[in-house]
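Here the structure comes first, spelled out in structure tokens, and everything after it is commentary.
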Amino acid sequence: MKKSLSRAPGRPYNAPAMSFQAARATPRNRPVITLDGPAGAGKTTVAKRLAQALGFRFLDTGSMYRACTWKALEEGVDVRDPAALVDMIRRSRLELDGDRIRIDGRDITEAVRSERITRAAAFLADPPEVRTELVRRQRDFGQAGGLVTEGRDQGSVVFPDAEHKFYLDASIDVRARRRHRELTERGERVDYEEVRRGIAERDEKDRTRSVGALRKPADAVVIDTSSLSIDEVVSNLLARLGTGRAGSNA
Ligand code: C5P
């Protein structure tokens, strides 16, 4: 039975209020909360908002794969050559600071969201050797706890002992519409059908990769976000975490 994240209303979550750490083999002062799910399920926005509400750090692991893809394309490294990618990643300085991401000191937060990077990142994220490099950095980031992390394999592979696991899902049409709107708002001219096809292809890659494939951890709470607003999803998660805020039914 999971313990709730009790905290004083309106105040960021803080360590002394925690009561379940004694049960952990490796004590963490504050919990790790994982959010996994397919592209476009709303994970990034929700995870960011949840982290803010709890006073936790936030980790967008997709942005790590994206940042490495950006650098590979810049340097002409083949995104299908695992050895070259591992070599490149080992000599890269990856910094995550809230929702900003820098590689070798350069802020590429906006640049990594392009459709070109999105497509290439799906290949870079495949080789187990590449994942090992990035998973190690993700675990380092989460070691101290107090983290909301989102991706595909956070609850299943990276933090199997996370105190709270969620899996956000949505229909492919809803996810394609969200992605299309995001790209249009960024000024990228893309055809809706093409975006939908891209999402279907990424779903297939995400679900079939040999290591780190997208799957629902058995102990995760599944939330379908298709007909929910971001606010509704965040309230729902906060309610399930026992922070005493009302949630809607998902
Ligand atoms: O979530 P986002 O679309 O930003 O992810 C970018 C790419 O990184 C996707 O192709 C996704 O499959 C991959 N990824 C991954 N494991 C994660 C997070 C993202 O393989 N934990």
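The values are calculated or read from the model by the stated rules, or taken from the named source; none is laboratory data. A quick note: this is a predicted structure, and the numbers were derived from the prediction, not measured. Please note: Cβ atoms are built from the backbone with ideal geometry, for glycine as well, and neighbour counts cover all protein chains shown.
Values as computed for the structure displayed
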| item | result |
| --- | --- |
| Scope the range 89-105; condition farther than 17 Å from THR44 by Cα and out of contact with any Lys or Arg (no Cβ under 9 Å at 6 or more places or on another chain); matching residues | ARG90, ARG91 |
| In the range 173-193, the residues that are surrounded by 13 or more Cβ atoms within 10 Å (Cβ to Cβ), at pLDDT below 95 and over 19 Å from VAL46 (Cα atoms) | THR184, GLU188, VAL190 |
| Filter result (of a type outside the set (S, T, N, Q) and under 20 Å from ARG186 (Cβ atoms)) within the range 69-102 | TRP70, LEU73, GLU74, GLY98, ASP99, ARG100, ILE101, ARG102 |
| Strands (runs of 3 or more DSSP E) enclosed by the range 85-152 - at least 2 residues per element that are within 12 Å of the ligand (Cβ to nearest atom) | 147-151 |
| Residue list for the range 153-166, filter: aliphatic (A, V, I, L, M) and within 11 Å of the ligand (Cβ to nearest atom) | VAL157, VAL158 |
| Pairs, first in a helix (DSSP H, G or I) in the range 212-237, second hydroxyl-bearing (Ser, Thr, Tyr), C-beta under 6 Å, six or more apart | ILE230/THR45; GLU232/SER248; VAL233/THR225; ASN236/SER248 |
| Residue match in the range 165-174 (condition: of a type in the set (Val, Ile, Thr) and farther than 20 Å from LEU214 by Cβ) | no |
| Odd one out for GLY187, checked against (1) more than 15 Å from the ligand (Cβ to nearest atom); (2) among the small types (Gly, Ala, Ser); (3) touching a residue at least 40 places away in the same chain (Cβ under 8 Å) | (3) |
| So ALA53, is it more than 12 Å from the ligand (Cβ to nearest atom) and touching a residue at least 24 places away in the same chain (Cβ under 8 Å) | yes |
| Criterion: under 18 Å from ARG49 (Cα atoms) and either among the hydroxyl-bearing types (Ser, Thr, Tyr) or in contact with a helix residue (DSSP H, G or I) (Cβ under 6 Å, 6 or more places away or on another chain) (or both) - qualifying residue of VAL190, VAL211, VAL233 | VAL233 |
| Long-range neighbours under 6 Å by Cβ, at least six apart or interchain, first residue more than 12 Å from ILE33 (Cα to Cα) within the range 149-163, second at pLDDT 95 or above and near the ligand (Cβ under 8 Å from one of its atoms) | ARG152/ASP36; ARG152/ASP206; ARG152/LEU214; ASP153/GLY212; VAL157/GLY212 |
| Given (1) exposed (fewer than 13 other Cβ atoms within 10 Å of the Cβ); (2) modelled with pLDDT of 95 or more, number of the condition ALA170 does not satisfy | (1) |
| Identity of the residue in the range 194-208, in contact with a helix residue (DSSP H, G or I) (Cβ under 8 Å, 6 or more places away or on another chain) and more than 22 Å from ASP153 (Cα to Cα), that ends up surrounded by the most Cβ atoms within 10 Å (Cβ to Cβ) | VAL195 |
| Lone qualifier among THR225, THR243 - being of a type in the set (S, T, N, Q), modelled with pLDDT under 95 and crowded, with 19+ Cβ neighbours inside 10 Å | THR243 |
